[in-house]
Amino acid sequence: MILLRSLLFNLIYATSAVLYSLPSVASLALPFPQRYRVVSQWARFNLWCLKWLCGLDFRVEGRENLPLEPAVAFCKHQSAWETLALQKILPLQCWVLKKELLWIPFFGWGLAVLRPIAIDRKAGKKALQQLVEEGCERLESGCWVVVFPEGTRVPPGVKGDYKPGAAHLAVKSGRPLVPIAHNAGEFWPKRGFLKRPGTITVVIGPPIPSEGKRPAQIHREAAQWVEETMERITDPRFRGGPGSS
């Protein structure tokens, strides 16, 4: 039954990406907040399908920790799921992502409409400079900046290599950094076809102020909070990484 439900969801997921790409591109004529609402309907639709087709839902702890003003989100990256769910959990937002994603037909078109900060991960300091400059502009315009500091999806039970870009942006912009942990990879794994039923836990941590701090300090605090929270919410079966039982 899980196989059949997952097959149906994956078909809907792919087909809806094609169909939603057309109104997404057409929405370019709208101001960004209205454009964002149009494009993010695709994410909300697929979250609804996940719940009713695959029995996969989520719960959020720590909503009260979300600042009223735009901030930098420092989010664990395990799955494609969080790229959908954050559009429902957080206010108006843009993402830092690798520029190659914009080249994907239909899906990339929708991403491009959302004003992403598309970087070349091989560019080193230039990529960091771009992240900070464009990130400050997005924050000033009223948009949250979502950073997946591990750079790629990592399996449950594995600690990725956290990059410091989010902390540099927080310091340069004077905005707080908000750490976010979740266990989505246990239900929708990287390159995983099956979508397992259950309830994903998302935990939003207390904002880390940037005033008077160096990027290294903020980065260390955020990464430590995320990994300590992952210890709490990760199913014991996954705590040894891939192949654990």
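The values are calculated or read from the model by the stated rules, or taken from the named source; none is laboratory data. The structure displayed is predicted, hence computed values, not measured ones. Don't worry about glycine lacking a Cβ; one is built from the backbone with ideal geometry, like all the others, and counts go over all protein chains shown.
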*asked:* Only one of 198, 240 is small (Gly, Ala, Ser), over 30 Å from residue 99 (Cβ atoms) and at pLDDT 95 or above. Can you tell me which?
replied: 198
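Yes or no, residue by residue, for (1) farther than 17 Å from residue 79 by Cα; (2) under 21 Å from the mean Cα position of the chain (by Cα); (3) of a type in the set (A, V, I, L, M):
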| position | (1), (2), (3) |
| --- | --- |
| 181 | no, yes, yes |
| 189 | no, yes, no |
| 208 | yes, yes, yes |
| 211 | yes, no, no |
| 219 | yes, yes, no |
| 223 | yes, yes, yes |
| 234 | no, yes, no |
*Residues 201, 152: which one is in contact (Cβ under 8 Å) with a residue 12 or more places away in the chain, surrounded by fewer than 18 Cβ atoms within 10 Å (Cβ to Cβ) and touching a His at 6+ places or on another chain (Cβ under 8 Å)?*
152
*Subset of region 15-34 [within 25 Å of residue 202 (Cβ to Cβ) and either exposed (fewer than 15 other Cβ atoms within 10 Å of the Cβ) or of a type in the set (Lys, Arg) (or both)]*: 33
*Taking only pairs six or more apart or across chains, which ones have beta-carbon atoms under 7 Å, a first residue in region 206-234 that is closer than 19 Å to residue 62 by Cβ, and a second residue that is among the polar types (S, T, N, Q)?*
206/65; 207/65; 218/210; 233/183; 233/201; 234/183
_Being closer than 28 Å to residue 38 by Cβ, in contact with an Asp or Glu (Cβ under 9 Å, 6 or more places away or on another chain), basic (Lys, Arg) and surrounded by 17 or more Cβ atoms within 10 Å (Cβ to Cβ) is true for just one of 138, 175. Which residue is that?_
175
*asked:* Any residue in region 63-91 that is on the phi > 0 side of the Ramachandran plot sitting within a Cβ distance under 6 Å of a residue that is acidic (Asp, Glu)? List the pairs, counting only those 6 or more apart or interchain.
replied: none
*Among the residues of region 172-214, how many are more than 16 Å from residue 55 (Cα to Cα), in contact with a strand residue (DSSP E or B) (Cβ under 9 Å, 6 or more places away or on another chain) and not in a loop (DSSP other than H, G, I, E, B)?*
11
*For region 29-56, how many residues are in contact with a Gly (Cβ under 8 Å, 6 or more places away or on another chain) and within 22 Å of residue 189 (Cα to Cα)?*
3
*If you check every pair at least six apart or on different chains, which have Cβ atoms under 6 Å apart with a residue in region 96-118 that is on the phi < 0 side of the Ramachandran plot and hydrophobic (A, V, I, L, M, F, W, C) first and a residue that is in a loop (DSSP other than H, G, I, E, B) and crowded, with 19+ Cβ neighbours inside 10 Å second?*
97/116
*Tally of residues being charged (D, E, K, R) and in contact with a Pro (Cβ under 6 Å, 6 or more places away or on another chain) across region 120-145*: 0
*asked:* Of everything in region 20-66, what is within 19 Å of the chain's Cα centre (by Cα), polar (S, T, N, Q) and closer than 21 Å to residue 113 by Cβ? Give them in sequence order.
replied: 40, 41, 46
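For region 181-198, which positions are surrounded by 23 or more Cβ atoms within 10 Å (Cβ to Cβ) and either of a type outside the set (Gly, Ala, Ser) or without any contact (Cβ under 8 Å) to a residue 40 or more places away in the chain (or both)?
182, 183, 187, 188, 195
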*Would you point out the residue of region 204-232, among those that are buried (at least 17 other Cβ atoms within 10 Å of the Cβ) and among the hydrophobic types (A, V, I, L, M, F, W, C), that is nearest to residue 158 (Cα to Cα)?*
230
*residue 90 under 24 Å from residue 182 (Cα atoms), modelled with pLDDT of 95 or more and in contact with a Pro (Cβ under 7 Å, 6 or more places away or on another chain)*: no
*Quick one: in region 82-110, of everything that is of a type in the set (A, V, I, L, M) and within 23 Å of residue 187 (Cβ to Cβ), which residue is surrounded by the fewest Cβ atoms within 10 Å (Cβ to Cβ)?*
101
